[in-house]
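Colleague: Please find one structure pasted underneath; my questions will follow.
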Amino acid sequence: MFKSKFLNDVNLQDKHATYTLNNGVKIPVVGFGTWQVKDGEEAYNSVLEALKVGYRHIDTAEVYRNEESVGRAIKDSGIPRNEIFVTSKVWNNHSSYESAKEALEASLNRLGLDYVDLYLIHWPNPAHTRPNNEQRNRDVYRALEDAYKAGKVRAIGISNFMVHHLESLLKTVTIKPAVNQIYINPTDQQEEVVLFNDKNDILTEAYSPLGTGKIFNVPMLEELARKYNKSIGQVVLRWSLEHGYLPLPKSVTPSRIKENLELFDFKLDKEDIEKIDKLHGTFGSAPNPDTKDY
């Protein structure tokens, strides 16, 4: 059973648990995702609720078009800025060093923040840059490195990068990526990428950690939910933590937002983790960044 090195010295019974990134920055082990959360009151209210019930890690992106509402909720929460870990991402239309610099400034402006804690390249191979994506990634990542050196971001990384994208990028970086945020859940565990991340001290963040809605109809998961007196969602999110991933569940429903954070008062037996592992390939799969028309 895979267990990430990032689990070393992490107490998964502590709701305030953090992973330590490869530059020493601490990141809460669960984040609140805002992909597909509509800008305006929906994004504002859901992020405000998430912060109210205890999340201290908020994940957004330029392309989500909700940074302004996310930033307003962070400000109105009354929680000190240094207690909230904020992630954003540079979108695919930024293909040069200067454009990536401008993208970060625009995100900071929308968020109303002086810095973000983590800034990522959202996709490694935008359709319009093919076949020159390697140079595009190097140019954009150099802008992230300079933003890191300037104190505008506390950590930098990538998202949706497969092994060959990472191998190419790592040839030229001066600051190793701290995070690779990828599609990870029981239905697609991306083992090759996960192992490469871990070998290179890159934390694996799991977006869409509950996969498609189909997982809620898996009899085995229903049985495990009854066994642990938890919901299927909680069991699957705990599975993610037990492997050493960082799940980013998303919801706009207050009760579900709260439920998705109640993961620290139980742990899964090894054999149950292995049962969930066997769901790999049953339905749903990660998007292929080399063929996606983004």
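The values are calculated or read from the model by the stated rules, or taken from the named source; none is laboratory data. If you're wondering where the values come from, they're calculated on a predicted model, not measured in any experiment. Using ideal geometry, Cβ is built from the backbone for each residue, glycine included, and neighbour counts are taken over all protein chains shown.
Colleague: Can you name every residue in the stretch 127-150 that is small (G, A, S) and without any contact (Cβ under 8 Å) to a residue 40 or more places away in the chain?
Modeller: Once the filter is applied, which keeps residues that are small (G, A, S) and without any contact (Cβ under 8 Å) to a residue 40 or more places away in the chain, the stretch 127-150 yields only A150.
Colleague: Checking the conditions here, which among Y55, Y44, Y64, Y97 is within 21 Å of P249 (Cβ to Cβ), among the aromatic types (F, W, Y), more than 17 Å from the chain's Cα centre (by Cα) and modelled with pLDDT of 95 or more?
Modeller: On the way: Y55 fails: more than 17 Å from the chain's Cα centre (by Cα); Y64 fails: more than 17 Å from the chain's Cα centre (by Cα); Y97 fails: within 21 Å of P249 (Cβ to Cβ).
Testing whether each residue is within 21 Å of P249 (Cβ to Cβ), among the aromatic types (F, W, Y), more than 17 Å from the chain's Cα centre (by Cα) and modelled with pLDDT of 95 or more leaves just Y44.
Colleague: Being more than 16 Å from E191 (Cα to Cα) and in a loop (DSSP other than H, G, I, E, B) is the filter; apply it to the stretch 263-282 and report the residue that is nearest to the chain's Cα centre (by Cα).
Modeller: Checking each candidate, the answer is L263.
Colleague: OK, next. Mind listing whichever residues of the stretch 189-243 are of a type in the set (A, V, I, L, M, F, W, C), without any contact (Cβ under 8 Å) to a residue 60 or more places away in the chain and over 20 Å from K267 (Cα atoms)?
Modeller: Within the stretch 189-243, V193, F196 qualify.
Colleague: A further question on this structure: Of these, D198, D114, D146, which one is among the charged types (D, E, K, R), in a loop (DSSP other than H, G, I, E, B) and within 30 Å of I84 (Cβ to Cβ)?
Modeller: D114
Colleague: Residues that are surrounded by fewer than 20 Cβ atoms within 10 Å (Cβ to Cβ), out of contact with any Gly (no Cβ under 9 Å at 6 or more places or on another chain) and of a type in the set (D, E): list the helices (runs of 4 or more DSSP H) wholly contained in the stretch 217-259 that include at least 2 such residues.
Modeller: Ranges flagged: 219-228.
Colleague: Say we look at the stretch 149-186 and pick out the residues that are under 25 Å from N109 (Cα atoms) and assigned to a strand (DSSP E or B); which of these is nearest to the chain's Cα centre (by Cα)?
Modeller: The qualifying residue nearest to the chain's Cα centre (by Cα) is Q181.
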